[in-house]
Amino acid sequence: MKILMPAEVTAIRDLTPRIRLFTIKPRKRPAFPPFRGGAHTILQLRPGLRRPYSITSDPTRPESWEVAVLREPEGRGGSRWLHEEAVVGSPIAASFPQQNFVLAEGATRHILIAGGIGITPFLSMLAEAPGAELHYCARAPEDAAFLPELRALLGPRLVTWFASEGRRLDLPALLAAPAPGTHAYACGPARLLEAFSAATAHWPAGQAHLEHFSGLPPGAAGEGAAFEAEIASTGAVIAVPAGVTLLAALRAAGQRVDSACEGGVCGACAVPLEGGEAEHRDMCLKPGERAGQIITCVSRGKGRVRLGL
Amino acid sequence: MTWQGELLHIFIAEAASMEMEELAEGRMIPGVGIEGDRYATAQGTYSHMPHEDRQCTLMEIETMEALERDHGLPLTPQESRRNLTTRGVPLNHLVGRHFRVGEVLLFGGRLNKPCKYFDDLLGRPLFNPLLNRSGLNCRIIEGGVIRPGDTIRPA
């Protein structure tokens with residue numbers, strides 16, 4: 001469970017027909033804590049509904065934050081709540097900044113690649129990387145949030161790739177030759193990230209960075225065989241049936257486990273893994289972290305796993 | 001019993017896992033809690049298991065100083081998630097006793113137990129170092145307004 005700061009929605013405006021910008025301010029403190037570009041916050045929209053969103057506002061203006069949210073009718077409910085229920089004055093709560101995606105220190109060149117709503121973490125990063133170049137892919141200019149601001153800020157360092165204009169970004173060509181000091185970053189739909197991973201497979205470790213937005217879809221998160229979870233502190237054994245997530249089974253058994261994205265992306269529902277074999281399906285743990293943690297919203301066990309709860 | 005201590009801070013949180021907010025004065029409501037606090041409004045982590053000893057929680061600043069000194073684990077009064085921070089008050093000896101914070105009369109109900117939830121909230125391994133010194137859970141017997149600097153003494 002993350003500590004949350006009471007906040008409220010203070011402005012709402014449409015950026016595109018499907019993307020809406022929400023300004024939030026803290027209710028009990030004069031300003032939000034500092035963050036670096038690329039950070040996200042976990043918003044509690046109402047009790048039990050928490051979702052991670054990149055902070056798109058300037059890190060030097062901590063008195064309010066902005067988040068841009070794509071309406072996803074088939075999503076898990078966070079974007080629907082924000083688009084349909086939120087009004088100016090809605091009380092919500094925000095976690096402290098979560099800093100998983102950040103510009104590399106000491107880099108001499110930053111190549112940012114955004115697909116659609118994946119533009120959001122780059123907005124705050126650009127304030128810290130005046131020389132960065134941004135490749136922005138979207139269906140059409142009218143679907144591309146922040147386009148006027150980015151044009152004004154970046155000039156020729158913004159390269160747009162709109163399908164409606166017949167332009168498609170050739171990632172293998174753009175990323176063909178890694179150079180010392182050059183770092184590449186991608187955020188967007190799974191297809192873009194897969195292409196980015198493939199195009200940077202030959203890059204030196206640590207020079208290609210990506211931020212997942214969409215994890216496993218709601219129906220797929222619970223797919224897989226039945227298994228058991230043993231609670232280390234009590235010895236209780238919880239059955240996790242096929243089609244049910246470990247997170248849901250733990251909560252049904254009275255265990256308090258936080259969550260936010262519920263798609264294996266944000267890491268909020270990680271619990272210590274003390275024994276047994278896990279089938280990791282998340283997109284957030286580093287390989288070295290997988291021996292000791294499990295992301296309960298998507299990952300499963302084989303047979304029985306022992307959890308440090 | 002000859003001791004006298006001081007109230008250092010007053011905190012409330014409007015709901016479970018919300019950041020604690022420091023108050024310049026707290027209104028103590030007998031049988032309920034501190035005005036605006038999660039346990040006065042049934043919004044706390046343990047509000048589904050109501051207990052009169054959750055009306056007000058206290059913790060010694062000396063414990064926080066010892067955690068930093070002996071374990072290198074910083075814990076600020078605001079992070080402690082207790083309502084009142086004290087100096088010079090033997091909280092562990094006040095179970096089953098009445099004592100005053102300013103004009104307010106409290107009854108020491110039971111020792112507070114640390115919770116794994118707390119480690120998770122702060123990301124620091126505080127559970128074991130806090131065993132047996134996690135503070136005191138109290139009932140509010142006589143209400144009133146308290147402020148930092150108020151004297152704490154046996155009743």
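The values are calculated or read from the model by the stated rules, or taken from the named source; none is laboratory data. All of these numbers come straight from a predicted model, not from anything done at the bench. All Cβ positions, even for glycine, are placed from backbone atoms using ideal geometry, and neighbour counts span all protein chains on display. Keep in mind that these areas ignore ligands, DNA and RNA; they rest on the heavy atoms of the full protein, side chains included. Shrake-Rupley method; radii C 1.70, N 1.55, O 1.52, S 1.80 Å.
A few notes on this one:
- Once the chain from residue A:163 to residue A:253 is taken as fully extended at 0.36 nm per residue, the excess over their C-alpha distance is 27.6 nm.
- Karplus-derived 3J(HN,Hα), 6.51/-1.76/1.60, for each residue of the stretch A:117-132, Hz, glycine and proline x: 5, x, 5, 4, x, 6, 4, 6, 5, 4, 5, 9, 9, x, x, 5
- When chains A and B come together, the accessible area they lose, probed at 1.4 Å and totalled over both chains, is close to 1200 Å².
- Local electrostatic count, residue A:27, Cβ distance below 14 Å [Lys/Arg +1, Asp/Glu -1]: -2
- From largest to smallest, the equivalent ellipsoid semi-axes obtained for the stretch A:31-137 from the alpha-carbon gyration tensor read 26, 16, 11 Å.
- Across the cross-link table entries A:25/B:116; A:28/B:116; A:28/A:286; A:302/B:116; A:2/A:25; A:286/B:113, which are compared at the Cα atoms, the separations over 28 Å belong to A:25/B:116; A:28/A:286; A:286/B:113.
- Label zone at residue B:116 (point 7 Å along Cα-to-Cβ), backbone N below 18 Å, the stretch A:235-260: A:235-240, A:246-259
- Whole-percent carbon and sulfur share, accessible surface of the protein assembly as shown, 1.4 Å: 51
- Over 23 Å [Cα-Cα, the stretch B:70-153], rounded percent: 26
- Accessible surface for residue A:279 stands near 70 Å², nearest 10, in the context of the full protein assembly shown (1.4 Å probe).
- With DNA, RNA and ligands ignored, accessible area of residue A:170 (1.4 Å probe; Å², nearest 10): 80
- Burial of 50 Å² or greater, the stretch A:1-16 residues [accessible area, probe 1.4 Å, versus chain by itself]: A:1, A:3
- Residues in the stretch B:100-138 occluded by at least 30 Å² - accessible area, probe radius 1.4 Å, against chain by itself: B:117, B:120, B:121
- Net length gained if the chain between residue B:73 and residue B:25 were fully extended (0.36 nm per residue, minus Cα distance): 14.4 nm
- Residue of A:267, A:89, A:78 that the Gaussian network model of chain A assigns the largest fluctuation, springs spanning Cα pairs under 10 Å: A:89
- Taking the longest Cα principal axis of chain A as reference, the axis of helix A:190-199 is set at about 70 degrees.
- Interface burial in the stretch B:12-31, defined as at least 10 Å² less accessible area with all protein chains than with the chain alone at a 1.4 Å probe, covers B:14, B:17, B:18, B:19, B:21.
- Calculated FRET efficiency for the pair residue A:289/residue B:35, C-beta based, R₀ 41 Å, to 0.05: 0.40
- Residue-normalised accessible area of the protein assembly as shown, expressed per residue, 1.4 Å probe, Å²: 44
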